[in-house]
Structure formats: structure tokens, C-alpha cells
Amino acid sequence: PPCAPVEITALDSDSPVELGETMHFTATAEGTPPIVYNWDFGGAGTRGGTDTNPTFTYEMTGTYTVTLEVENDCGTDTASIMVTVTSPACIPAEITNLEDNNSVVLGEAAYFTATVNGTRPITYTWDFDSDGTPEQIGVGLNVVSHTYTETGPYVVTLDVENACGTDRAITAVIVSGGTRADFTFTPTAPPVILPDTWDADERRRW
């Protein structure tokens, strides 16, 4: 039978997608097989073969011109579409839990652990006495410690912030002036007294 030149009849994608997500493409071509599909994903990568429904993950945001060239033994055809990769939607920072060890003895470190959801990076601002002057500021400070120099109850404030939101949580810790007992006790076994025994000749032995 005569060879029918190849022709692209449909070309589509699920654009737009967020950065990091996989984009899916679909193509339909008619003509005498075998048909070879050569994909150019807008300069970000290429793929050849018989795949009519490839996927591709872009590494940068932007708009890309995706070109498909198909060929068989008696012809070629080309089609292009525009696709868009957007920045991921930002999820505001949110403190879902804030834990501490409630009370410590003066000189001991108080430990604080925060569970925070949201788009990274997230900046943590810790104010261990709520005087308005934070003692620790930085990214990823979800587990911290602080040693107080005076006794008393303290209100601890944690502020978190990312590109699209802020949140605050408050807890309290009590610093006492007592001391913790730190000793070990090793019991002493009583002496073992062995009974005297006498043989028939009344000679003493142990």
C-alpha cells in the first residue's frame, strides 16, 4: 500500500503547573507507521521515540514553547504549543504546637520545641522573657534552649514568618532557686557469719 505522510492532528498539555510538578503532554498523529515522535520541551530538554504522552518536570518558572516533530518513511510534520510553569503557591507559616519543660532550676537550660507548618524558609524569633528583645533569630530554629540567670516565672514568645504570613505562640516557664538532689546510693550487704562446726574429735574447723 502507498505510504501516507504523517500529520499531527492534536497536541496538548496540562499547563500551567507549579514549579516542581510534572507536566503531562498528549499528541495524536496520523500516517503510515512506524511514526517517530521528537519532543523539544522549550530548550529545557528533549526526548525521542514512540512516546505520544510524555511527561517533563521543569527546573525553572517561565513560559516555554514546546515543539513536537513527527516523521515516518514518507514525511514529517511539526506543531508547537506554549506552556507555563508558575511559582508554587505560598502557604503561610503557622505554629501548630509549642512545648517546653515547664519548670527548671536556676542554672539549668530550658528547652523549647515548636511545630510549624508553611512554605519554607521560615524564620523563628524567640523572646524568652517577652521583653521585646529577642534572644534568638534564625531559620530552622524549631528546637532551642535558654538558660535563665534569675528565678521567676517567664512568658516566652515565639514569632514565625515566611514569604506570605506570620504567626505567634506564647508559653510560660518557671525558674526556681532550689537545687536538685544528685546522688547515688549503693546498699552495703551485711556481713555473712558462718556457723562453727565440730567433728567427732572436737576439732574446730571453718
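Values as computed for the structure displayed
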{"quantity": "Members of the range 127-157 that are of a type in the set (A, V, I, L, M), under 20 Å from the mean Cα position of the chain (by Cα) and within 16 Å of ASN97 (Cα to Cα)", "calculated": "LEU141, VAL143, VAL144"}
{"quantity": "Leading residue by the ranking (surrounded by the most Cβ atoms within 10 Å (Cβ to Cβ)) among those in the range 143-172 that are in contact (Cβ under 8 Å) with a residue 40 or more places away in the chain, of a type in the set (S, T, N, Q) and in a strand (DSSP E or B)", "calculated": "ASN162"}
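Any read-out appearing in this document is the output of simple, stated calculations on the displayed coordinates, not a laboratory observation. Keep in mind the model is a prediction, meaning the values are calculated, not measured. Counting neighbours? That spans all protein chains shown, and the Cβs are built from the backbone with ideal geometry, glycine included.
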